[in-house]
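Enquirer: Before anything else, here's the structure in question.
Derivation of every value follows stated rules applied to the coordinates shown; laboratory data play no part. Owing to the predicted nature of the structure, the values given are computational and were not obtained by experimental measurement. Positions of Cβ are generated from backbone atoms using ideal geometry, with glycine treated the same way; all protein chains shown enter the neighbour counts.
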Amino acid sequence: MESAMDFMGGFLLLAGASFLLFGGLGLLRMPDLYNRIQAGTKTTTLGTILVLAGAAFLHPEWGLKLLLIGLFLLFTNPLSSQVLARAAHRGGIEKTPETMVDKLAEDFPESIAKSTTSISSSSNKIGDKS
Amino acid sequence: MAETFITFATILSGIAFLLALGRFLKGPSTVDRVIAFDVLTVISITFIVLSALIEERGIYLDVALVYALLSFLGVIAIARYLEGRF
């Protein structure tokens with residue numbers, strides 16, 4: 001019984017760490033800022049929650065604190081990524097040419113028009129070669 | 001057996017940390033760096049939990065919780081500043 005809990009916890013730890021690894025890889029290799037937001041935040045949220053679940057299997061007496069950290073990450077991580085994506089879209093960061101649909105530009109066309117803020121001026125110079 | 005799993009998980013998270021650090025140093029725009037910073041803090045929370053498992057001290061989880069809170073507030077503040085309205 002005890003070794004089964006250990007094995008399950010270790011397996012969850014390895015799965016979570018693998019998701020973190022793939023998230024880091026996607027963050028480095030995706031062609032676009034919006035794709036990087038997807039790759040970076042979704043996979044790291046799942047990976048960290050899996051690591052927390054593995055820790056709860058290894059030490060069942062820490063379960064409440066681990067559940068609290070997991071719930072906090074589950075609520076705040078999508079929120080911060082969405083706020084960052086909206087800030088980038090308002091700043092006029094370039095999309096990759098393969099982008100087919102941009103619903104936010106259809107709803108708020110003025111956010112593309114004012115592309116002269118500080119973050120776009122720094123990104124237009126060197127943003128094309130990545 | 002559990003120590004082996006924890007060691008391998010720490011190594012994989014370390015590689016992920018280095019990849020995200022590469023994006024943090026390279027990132028063409030400011031928002032790229034902020035996203036990389038967000039990912040780095042989440043991986044750091046994983047590191048704190050793994051160190052709590054290695055040292056077998058549950059008090060480190062409180063550190064992880066406060067770290068998550070502060071990093072979330074920092075990212076939200078930077079995003080609102082970049083958006084140009086407070």
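Enquirer: Return A:Phe72, B:Phe72 ranked ascending by Cβ neighbour count within 10 Å, so the fewest neighbours appear first.
Expert: Sorted ascending by nearby Cβ count, the order is A:Phe72, B:Phe72.
Enquirer: Per residue, how big is the convex hull around the C-alpha atoms of region A:1-108? Give it to me in cubic angstrom, could you?
Expert: 106
Enquirer: A follow-up question, please. How far is helix B:60-83 tilted off the main Cα axis of chain B, in degrees rounded to 10, range 0 to 90?
Expert: 20
Enquirer: A further question follows. Given 20 °C and 1.002 mPa s, how large is the Stokes-Einstein diffusion coefficient of the protein assembly as shown in µm²/s, with Rh as the Kirkwood radius over Cα pairs?
Expert: The diffusion coefficient I find is 119 µm²/s.
Enquirer: Using only the alpha-carbon atoms of chain B as identical scatterers, what base-10 log of I(q)/I(0) does the Debye formula give at q = 0.12, 0.15, 0.17, 0.25 Å⁻¹?
Expert: Each listed q maps to, in turn, -0.44, -0.64, -0.77, -1.17.
Enquirer: On to the next question. On C-alpha positions alone, give me the angle between the axis of helix B:2-26 and the longest principal axis of chain B, in degrees, nearest 10.
Expert: Between the helix axis and the principal axis of chain B, the angle is about 20 degrees.
Enquirer: Once you have all Cα-Cα distances for region A:41-90, histogram them in 10 Å bins from zero and send the whole-percent values.
Expert: 26, 42, 21, 9, 2
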